[in-house]
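Notes follow the structure.
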Amino acid sequence: MISFRQGCGLIDRLADTQSLERQEWIRLIRGRTPELSEYLFTRAREIRIRHYGHSIYIRGLIEFTNYCRNDCYYCGIRRSNRNAVRYRLTKEQILSCCETGYRLGFRTFVLQGGEDGWFTEERMTEIISDIHASWPDCAVTLSIGELPREVYQRFFNAGADRYLLRHETFDASHYRMLHPASLSAAHRQQCLWDLKEIGYQVGTGFMVGTPFQTAENLADDMLFLKRLDPQMVGIGPFIPHHDTPFAGREAGTLELTLFLLGLIRLMIPRVLLPATTALGTIAGDGREKGILAGANVVMPNLSPPQVRENYLLYDNKLCTGDEAAESLQNLDRRMQSIGYHIAVSRGDSLNLQP
Ligand code: SAM
């Protein structure tokens, strides 16, 4: 345990130097208390407001396929889940989502999906170039998993600006407890270094409260984030899905997720930090609490309404109400009620590579 004064001392040092030693991360994460969290959030908000003011950036999330060749133990769209209702959008449907999104005020589109071989390099390149040509003032973000470096390069050349690939957990043995042997922490991390070298604005992150996760694992995640120095970090609680091997496991907590959001804001002050859908799913006011802990991005769902409920990564995943892109005004009202507002902009990260 650490005293409140010791905890504040560590938080102050993190704010001043943007780093802590592994043991210090472990002590802080293990020794957190509600009082310490409040102190952390106050400091995180100050830093967030210094760099991003009271603006909240939005991204239009297009979940364009739920076919996946992978079999991650936690994920509802894993290959082995025979009960998943599979779908993939056509290029025309994807472009129509962008058109709707643009009208609503989105200036960045995130194409997210399972690792689906139907979307070959040629098909993806065409979709990326068409979006880029039709909405040149918008950023195109991909989140389609692990691919060879040359393919990432070709997508970049076609007009993709950003790539989201959570590292999930840094520690190789913990990674093995969450994934089949065909997937490795080392390969996933290599993809992130490749993406960075190519020049993408990179987003990474991890789930909070996955089975077997320890404070040591989280400390290693923080050290990895520090080294990678990404433009965006997406973290959200693990939430079980009833048709996966982790069906009976406990979900990660709102409390620990918020604490980690605050710590990441202090460690990488200019990073983009989304208040994720999973955070909004485990608590009605999860997104607002995320913003008040230092987050500055939300990613409403722009997928066609008829497929939304089939992109079920975990049970009860939000996809309607204020989660839906069409409800942007409601979302803005909610954000205004806590003193923030949604910005119509590409929302580029200020944590850019030198
Ligand atoms: N296939 C791409 C990839 O591998 O990055 C993108 C899609 S993948 C489903 C997007 C993210 O969903 C994963 O990085 C993971 O962190 C999150 N996710 C999957 N299952 C989850 C669960 N049960 N609870 C919370 N988040 C989950």
Label-point separation (nm) for THR120 and GLU216, each offset 7 Å from Cα along Cα-to-Cβ? 4.7
When all C-alpha to C-alpha distances in the stretch 1-132 are sorted into bins of 10 Å, what percent of pairs does each bin hold, rounded to whole numbers? 10, 25, 17, 23, 22, 3
Extent of the stretch 81-228 along each principal axis, from alpha carbon coordinates, in Å, largest to smallest? 46, 38, 31
Fully extended contour minus Cα-Cα distance, from ARG149 to ARG50, at 0.36 nm per residue: 32.0 nm
As a test of reading the structure, rank TRP135, TRP118, TRP193, TRP25 by solvent-accessible area (1.4 Å probe, protein chains only), most first. TRP118, TRP193, TRP135, TRP25
Contact order normalised by length for the stretch 6-159, with contacts defined as Cα pairs under 8 Å and 6 or more residues apart; what percent is it? 20
Span per principal axis, largest first, for the Cα atoms of the stretch 185-334 (Å): 38, 35, 29
Cβ charges +1 (Lys, Arg) and -1 (Asp, Glu), total dipole of the chain, debye: 380
Any idea what the dipole of the stretch 1-76 comes to, in debye rounded to 20, about its Cα centre with Lys/Arg Cβ at +1 and Asp/Glu Cβ at -1? 60
For the chain, averaging the sequence separation of alpha carbon pairs under 8 Å that lie six or more residues apart and dividing by its residue count, the contact order in percent is 24
Rounded to the nearest Å, the spacing of the alpha-carbon centers of the stretch 188-234 and the stretch 297-341 is 25
7 Å from Cα along Cα→Cβ at both MET177 and GLU35: what's the point-to-point distance in nm? 3.2
Just to confirm the number: angle between the C-alpha axis of helix 4-17 and the first principal axis of the chain, 0 to 90 degrees, nearest 10? 50
Length gain on complete extension for the stretch HIS132 to ARG5, per 0.36 nm per residue less the alpha carbon to alpha carbon distance? 40.6 nm
For the stretch 1-89, state which trypsin sites (Lys or Arg not before Pro) are in a DSSP loop and have at most 12 other beta carbons lying within 10 Å of their beta carbon. ARG69, ARG82
How large is the helix-only mean residue ellipticity at 222 nm for the chain, computed as the sum of -39500 (n - 2.57) over DSSP H runs with n ≥ 4, divided by its residue count, in deg cm²/dmol to the nearest 500? -13500 deg cm²/dmol
What do you get for the angle between helix 149-158 and the principal long axis of the chain? Use alpha-carbon atoms, 0 to 90 degrees, nearest ten. 70
How far is helix 34-52 tilted off the main Cα axis of the chain, in degrees rounded to 10, range 0 to 90? 50
With the crude spin-label approximation of a point 7 Å out along Cα→Cβ, what separation in nm comes out for GLU255 versus ARG69? 4.3
Which value, in debye to the nearest 20, describes the size of the charge dipole of the stretch 110-252 about its Cα centre when Lys and Arg Cβ atoms bear +1, Asp and Glu Cβ atoms bear -1, and nothing else is charged? 280
HN-Hα couplings for the stretch 185-195 via Karplus (6.51, -1.76, 1.60; θ = phi - 60°), in whole Hz with x for Gly/Pro, come out as 4, 4, 5, 4, 5, 4, 4, 5, 5, 4, 4
Looking only at the stretch 231-267, which residues have a backbone nitrogen under 17 Å from a spot 7 Å from the Cα of ASN83 in the C-beta direction? 239-250
List the lysines whose alpha-carbon lies under 19 Å from that of LYS196, not counting same-chain residues fewer than 8 positions away? LYS226
If you wrap a convex hull around the C-alpha atoms of the stretch 90-159 and split its volume per residue, what is the figure in Å³? 79
Which of rounded, prolate, oblate describes the stretch 284-354, given a ≥ b ≥ c as roots of the alpha-carbon gyration tensor eigenvalues and a/c under 1.5 marking rounded, otherwise prolate only if a/b is larger than b/c? prolate
Pairs of Cα atoms farther than 24 Å apart, the chain, %: 54
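The values are calculated or read from the model by the stated rules, or taken from the named source; none is laboratory data. Keep in mind that this is a model prediction, so the values were computed, not measured. Every residue, glycine as well, gets a Cβ built from its backbone with ideal geometry; the counts of neighbours run over all protein chains shown. Accessible surface areas use protein heavy atoms only, side chains included; no ligands, DNA or RNA. Shrake-Rupley method; radii C 1.70, N 1.55, O 1.52, S 1.80 Å.
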